[in-house]
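The values are calculated or read from the model by the stated rules, or taken from the named source; none is laboratory data. Note that the coordinates shown come from a computational prediction; the quantities given were computed from them, not determined experimentally. Heads up, the Cβs are rebuilt from the backbone with ideal geometry, glycines too, and the neighbour counts pull from every protein chain shown.
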Amino acid sequence: MNEVTSDQVGTYIARFINILVDYSPKLISAFLILFIGLYAIRLINRLIRRIMVKRNLDPTLTKFLADILLWALRILLFVTFISKLGIETSSFVAILGAMGLAVGLSLQGSLSNFAGGMLIIVFKPFKVGDTIEAQGVIATVEEIQIFVTKMITGTNQTVFVPNGALSNGTIINYSMQAERKADLTFSVSYDSDIKKAKDILLEVLLSNPKVLKNPAPEVFVKNLSASSVDFAVRPWAAKADFGSVVSDTLENCKVALDAAGISVQPFTLQK
């Protein structure tokens with residue numbers, strides 16, 4: 001076995017020192033670029049966030065855009081860093097592209113949710129605090145995330161709906177309009193005085209201070225069914241009062257009709 005002599009060790013050490021001396025400017029400059037770049041990226045990210053907050057952009061959109069900018073600058077800094085070290089970046093970029101394609105194919109559902117989140121954030125079919133109906137769920141929006149929307153139901157259950165399905169489906173926003181109209185149906189027997197029943201139902205609506213006078217509430221014969229005369233009862237209310245107006249209308253109309261001796265058929269409906 002060949003033994004390594006002291007002269008050979010000295011030669012190797014001399015070569016290593018020469019390489020280190022020759023390479024040290026690149027190494028020092030590369031790490032200077034890295035540390036200065038990381039500091040500059042933090043400053044830029046903070047500045048961008050402040051600008052977007054001052055312009056009253058949606059908080060979810062602000063966070064998302066700031067995060068995208070942060071990672072884009074970090075990737076650019078990393079490519080610059082390895083390029084300064086003398087590493088060929090073209091092959092590295094090709095590897096990143098291949099990895100991105102593979103990840104994209106394996107995460108098609110996640111990318112669909114990501115795109116859906118972008119559409120929701122940009123076009124704003126609803127916002128945090130709105131009550132919506134979508135994907136078979138009626139709930140209040142608590143947080144719009146990039147991949148899912150977090151909602152709280154009336155029974156205090158937390159529901160996460162994928163943004164892809166949410167953005168491609170039908171959304172009913174109950175909070176977008178300042179006023180809402182209830183569409184109730186009261187059915188009375190054919191033996192009842194129709195004119196009297198109509199006047200009673202209308203008086204109940206007009207006597208409720210939470211029912212808006214403009215638009216005016218409506219009461220009219222909706223249908224003559226096989227066993228009853230159906231009245232459409234349609235009060236308008238501010239969205240904050242809508243639930244109580246519906247409840248009060250159902251209760252007060254039933255009480256008023258009973259007091260007048262008008263028989264209410266068991267087909268009262270709510271939409």
Counting only residues that are polar (S, T, N, Q) and in a loop (DSSP other than H, G, I, E, B), how many does region 167-189 have?
-> 4
Cβ-Cβ under 7 Å pairs, at least 6 apart or on other chains, region 240-255 side under 17 Å from K181 (Cα atoms) and touching a residue at least 24 places away in the same chain (Cβ under 8 Å), far side of a type in the set (A, V, I, L, M) and surrounded by fewer than 18 Cβ atoms within 10 Å (Cβ to Cβ) = none
Members of region 143-159 found to be outside any loop (DSSP other than H, G, I, E, B) and exposed (fewer than 15 other Cβ atoms within 10 Å of the Cβ), listed by number | E143, T153, T158
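Residue-by-condition table, conditions (1) acidic (D, E); (2) assigned to a helix (DSSP H, G or I); (3) within 30 Å of I121 (Cα to Cα); (4) touching a residue at least 12 places away in the same chain (Cβ under 8 Å):
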residue: V161; (1), (2), (3), (4): no, no, yes, yes
residue: A165; (1), (2), (3), (4): no, yes, yes, yes
residue: D191; (1), (2), (3), (4): yes, no, no, yes
residue: K195; (1), (2), (3), (4): no, yes, no, no
residue: D199; (1), (2), (3), (4): yes, yes, no, no
If we scan region 196-214, do we find a residue that is over 12 Å from the mean Cα position of the chain (by Cα) and either outside the structural domain of L250 (by TED's automatic domain parsing) or aromatic (F, W, Y) (or both)?
-> no
Just one of V246, V233 is outside the structural domain of D130 (by TED's automatic domain parsing), under 30 Å from G129 (Cα atoms) and part of a strand (DSSP E or B); which is it?
-> V233
Restricting region 160-195 to residues that are surrounded by 13 or more Cβ atoms within 10 Å (Cβ to Cβ), closer than 25 Å to E218 by Cβ and among the hydrophobic types (A, V, I, L, M, F, W, C), which is farthest from the chain's Cα centre (by Cα)?
-> I194
Reported set for region 123-142 where residues are without any contact (Cβ under 8 Å) to a residue 60 or more places away in the chain, within 17 Å of T62 (Cα to Cα) and surrounded by 13 or more Cβ atoms within 10 Å (Cβ to Cβ) is F126, E142
Looking only at region 121-147, count how many residues are at pLDDT below 90 and among the β-branched types (V, I, T).
-> 5
Taking region 235-255 as the search range and keeping residues that are among the polar types (S, T, N, Q) and more than 17 Å from E218 (Cβ to Cβ), which one is surrounded by the most Cβ atoms within 10 Å (Cβ to Cβ)?
-> S244
